[in-house]
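Colleague: Would you mind keeping the following structure in view while I ask a few things?
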Amino acid sequence: MSYETLLLEIRERVALITLNRPKALNALNSQLIAELNQALDRLEADPAIGCIVLTGSPKAFAAGADIKEMAELSFPQIYLDDFFAAADRIANRRKPIIAAVAGYALGGGCELALMCDFIYAADNARFGLPEITLGVLPAIGGTQRLTHALGKAKAMELCLTGRQLTAEEAERAGLVARVFAAEQLLEETLKVAEGIAAKSLTATMMIKESVNRAFEGSLSEGLRFERRIFHAVFATADQKEGMAAFVEKRPPQFTHR
Ligand code: HXC
């Protein structure tokens, strides 16, 4: 299947999705969000895929939701269509997704990166929520996910001012897991993705689900969930194999079952 707004490349157990609206700095229009969901549906259903990398161009991961598409919409249009509801599906994926961010990740672009499981940034990356400068507010989870990632003081400052964080500041603040030289970003990210994809897919997905619980409810609920899912992992062949391999001092042969 081919897409107009993104490129999809499969490299063994890793899928690389590249946002591809270069003239609009990868602004997220409805078509891009729909195609991204179609690609993710397909990758989630494919048992041969263990990790997904989402990237943009060297200049922009994505410069936001498409302002030109939204500018003239009325309240009833945006409310009745439940505008951006489709974007929420990206955050609810079960396989790990790494964002490899170079250049601008602004507004919806920053929110899209935040929906991924972690962010690797090029040293030229810029993160910000400039919606306030357009007279609107972040609406694809930014006020919540940025606050979880950075704490109230920094998140509030960024949302109220639209100020951009450099890659280095974003890493210091905990928004970004690691920063790489721009020309190494993709290669390093793909290497990490290959490592994740080689592990037990069941355990990987359980870890993702469990870590995400930390952001959804109370600590006690999250801890209970973690314990239950830990019990359940003992029903998998990969747990038996992973532990046996350790005891026998050999590399594990995971079957992703
Ligand atoms: C639509 C966009 C766009 C966007 C850039 N473009 N960002 N189109 N939506 N979010 C288009 C420009 O109009 C221009 O098209 C082309 O991409 C290149 O952009 P330039 O501005 O010429 O590039 P540059 O001077 O390098 O500046 C880069 C930039 C700037 C600083 C990133 O483009 C910018 O400020 N963009 C908007 C960032 C923003 O406000 N994002 C948040 C959007 S709101 P033409 O046709 O002129 O060449 C959002 C959530 C909304 O994300 C949710 C609540 C409603």
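The values are calculated or read from the model by the stated rules, or taken from the named source; none is laboratory data. Quick caveat: nothing in here was measured; it's all calculated off a predicted structure. Glycine also receives a Cβ, built like all others from the backbone with ideal geometry; neighbour counts cover every protein chain displayed. These accessible areas exclude ligands, DNA and RNA; they are computed on the full protein's heavy atoms, side chains included. Shrake-Rupley method; radii C 1.70, N 1.55, O 1.52, S 1.80 Å.
Colleague: May I ask you to say which residue of Ile78, Ile17 is over 28 Å from Ile207 (Cα atoms), hydrophobic (A, V, I, L, M, F, W, C) and either more than 15 Å from the ligand (Cβ to nearest atom) or loosely packed, with under 14 Cβ neighbours inside 10 Å (or both)?
Modeller: Every option except Ile78 fails the conditions.
Colleague: What's the number of the only condition in (1) near the ligand (Cβ under 7 Å from one of its atoms); (2) farther than 30 Å from Ala203 by Cα that Ile140 fails to meet?
Modeller: Among (1) near the ligand (Cβ under 7 Å from one of its atoms); (2) farther than 30 Å from Ala203 by Cα, the lone unmet condition for Ile140 is (2).
Conditions (1) of a type in the set (Asp, Glu); (2) within 25 Å of the chain's Cα centre (by Cα); (3) closer than 30 Å to Thr133 by Cα; (4) open to solvent by 40 Å² or more (accessible area, probe 1.4 Å), marked per residue:
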position: Gly162; (1), (2), (3), (4): no, yes, yes, no
position: Thr166; (1), (2), (3), (4): no, yes, yes, yes
position: Gln184; (1), (2), (3), (4): no, yes, no, yes
position: Leu190; (1), (2), (3), (4): no, yes, no, no
position: Ser218; (1), (2), (3), (4): no, yes, no, yes
position: Arg228; (1), (2), (3), (4): no, no, no, yes
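Colleague: Would you call Asn26 surrounded by 15 or more Cβ atoms within 10 Å (Cβ to Cβ), within 16 Å of the ligand (Cβ to nearest atom) and on the phi > 0 side of the Ramachandran plot?
Modeller: Yes.
Colleague: Specify the residue that is nearest to Leu175 (Cα to Cα); the eligible residues are those in the range 137-158 that are of a type in the set (A, V, I, L, M, F, W, C), out of contact with any Gly (no Cβ under 7 Å at 6 or more places or on another chain) and open to solvent by less than 80 Å² (accessible area, probe 1.4 Å).
Modeller: Per the stated criteria, the residue is Leu146.
Colleague: Considering Leu36, Leu43, which residue is surrounded by 13 or more Cβ atoms within 10 Å (Cβ to Cβ) and more than 16 Å from the ligand (Cβ to nearest atom)?
Modeller: So the residue among Leu36, Leu43 that is surrounded by 13 or more Cβ atoms within 10 Å (Cβ to Cβ) and more than 16 Å from the ligand (Cβ to nearest atom) is Leu43.
Colleague: Among the listed residues Arg172, Arg228, Arg213, which satisfies the condition of being modelled with pLDDT under 95, charged (D, E, K, R) and out of contact with any helix residue (DSSP H, G or I) (no Cβ under 9 Å at 6 or more places or on another chain)?
Modeller: Arg228
Colleague: Give the range 91-114 a look and list any residue that's surrounded by fewer than 20 Cβ atoms within 10 Å (Cβ to Cβ) and of a type in the set (A, V, I, L, M, F, W, C), or say none.
Modeller: Ala91
Colleague: A further question follows. Restricting attention to helices (runs of 4 or more DSSP H) lying wholly within the range 133-230, give those where 2 or more residues are within 19 Å of Glu111 (Cβ to Cβ).
Modeller: 142-150, 152-161, 167-173, 201-213
Colleague: Kindly list the number of the only condition in (1) open to solvent by 100 Å² or more (accessible area, probe 1.4 Å); (2) at pLDDT 95 or above; (3) more than 18 Å from Pro96 (Cα to Cα) that fails for Phe246.
Modeller: Looking at each condition in turn, Phe246 falls short on (2).
Colleague: Still on this structure: Return the pairs, sorted by first residue and then second, in which the second residue is in a strand (DSSP E or B) and open to solvent by 10 Å² or more (accessible area, probe 1.4 Å), the first residue lies in the range 51-70 and is basic (Lys, Arg), the beta carbons are less than 8 Å apart, and the residues are 6+ apart or on different chains.
Modeller: Lys59/Tyr104
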